[in-house]
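Below is one structure; the comments refer to it alone.
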Amino acid sequence: MPKGSPELTNARREEIINACEKLYQTMSFKEITIKEIGSVTSFTRTSIYNYFQTKEEIFLALLKREYELWIASLKQTMEQKEQMTKDEFSDMLAHSLEERAQLLKIMSMNHYDMETGSRPEHLAEFKVVYGESLRTVRSGLDRYFPDMTVLEKQNFIYTFFPFMFGIYPYTFVTEKQRTAMEEAGVNYAFMTIYELTFNCVRKLL
């Protein structure tokens, strides 16, 4: 880690993450390189290696930030609601993911590459936040559905979180994919992030 104040270090890390996020809006994971990221930061490409050794670590940091924003949104909503019906809880989770399309995109497209290409300490930092997301959703089940058994809550968590990995590919379809499905005779029904999530959560409850 480079010498300097924690504030400067954090600012530099955020600038690198922001640069990666900006590129990801128009480029694919494979196209983005450390060199590309360095071209849209205020310091040299070699300086990036003082903070991240690989682009996978940068993407993992971006995914970590997306999880933190999602967790904050869930907690804010639950702090304002003493009670929720099954429909209201489903609506909350569906809206929260609808606002975090980038979270869904990164986890569905590049999650394995990011984890295998990151140093253990970076992966551990990410897993702390991921664990907090599990606990946050579980706390909602504890609070609003006290009649659910421990097993039912566990089944919810270990069905819903893997389900999240498939939301983006099912809701963002390219024209090439759409054409291929039509030629293959696949009867594809388009659903939004909200619709797909709401239906899944409601059935799990």
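No value in this document is a laboratory result; all are computed from the given coordinates. Computed from a prediction, not measured in an experiment: that's the story for all the values here. Note that we place each Cβ from the backbone using ideal geometry, even for glycine, and neighbour counts take in every protein chain shown.
Dipole of the range 59-204, Cα-centred, from +1 at each Lys and Arg C-beta and -1 at each Asp and Glu C-beta, to the nearest 20 debye? Don't skip to the end; give the middle numbers.
Numbers: 17 positive and 21 negative charges, 45 e Å.
With only Lys, Arg, Asp and Glu charged at Cβ, the dipole is about 220 debye.
Measure nothing but the geometry: give the 0 to 90° angle between the long axis through the Cα atoms of 101-116 and the longest principal axis through the Cα atoms of the chain, rounded to 10°.
The helix 101-116 is inclined about 60 degrees to the chain.
Multiplying the sequence separation of residue 142 and residue 188 by 0.36 nm and subtracting their Cα-Cα distance, what value in nm do you get? Kindly include the intermediate steps, with their values, before the conclusion.
Details: separation 46, 0.36 × 46 = 16.56 nm, distance 3.62 nm.
Full extension from residue 142 to residue 188 adds 12.9 nm.
With an 8 Å Cα cut-off and a minimum separation of 6 or more residues, compute the relative contact order for the range 1-51 in percent. Intermediate results must be reported in sequence, preceding the final value.
Details: 28 pairs, mean separation 20.7, N = 51.
For the range 1-51, the relative contact order is 41 percent.
At R0 = 35 Å, how high is the FRET efficiency between residue 161 and residue 5 if r is their beta carbon distance? Nearest 0.05 is fine. Show your work: numbers first, answer last.
Values: r = 37 Å, r/R0 = 1.06.
That pair, residue 161 with residue 5, gives E of 0.40.
Over the chain, calculate the relative contact order: mean separation of alpha carbon pairs under 8 Å at least 6 apart, over the residue count, as a percent. If you can, show how the numbers build up before the last one.
Values: 163 pairs, mean separation 49.7, N = 205.
Relative contact order comes out at 24 percent.
Kindly state, to the nearest 0.05, the FRET efficiency for residue 128 paired with residue 205, given R0 = 35 Å and r defined as their beta-carbon distance. Kindly include the intermediate steps, with their values, before the conclusion.
Values: r = 28 Å, r/R0 = 0.79.
Plugging the Cβ-Cβ distance into 1/(1 + (r/R0)^6) gives 0.80.
Mind checking the range 1-49 for trypsin sites (Lys or Arg not before Pro) that DSSP puts in a loop (not H, G, I, E or B) and that have at most 12 other Cβ atoms within 10 Å? All intermediate terms of the calculation are to be shown ahead of the outcome.
Values: sites: 3, 12, 13, 22, 30, 35, 45; in loops: 3, 30.
Here the trypsin sites (Lys or Arg not before Pro) that fit, given the DSSP loop and packing criteria, are 3, 30.
What lysines sit close enough to residue 64 to cross-link, taking a C-alpha to C-alpha distance under 19 Å and skipping anything fewer than 8 places away on the same chain?
Once the sequence-local lysines are set aside, what remains near residue 64 is 22, 55, 75, 105, 127.
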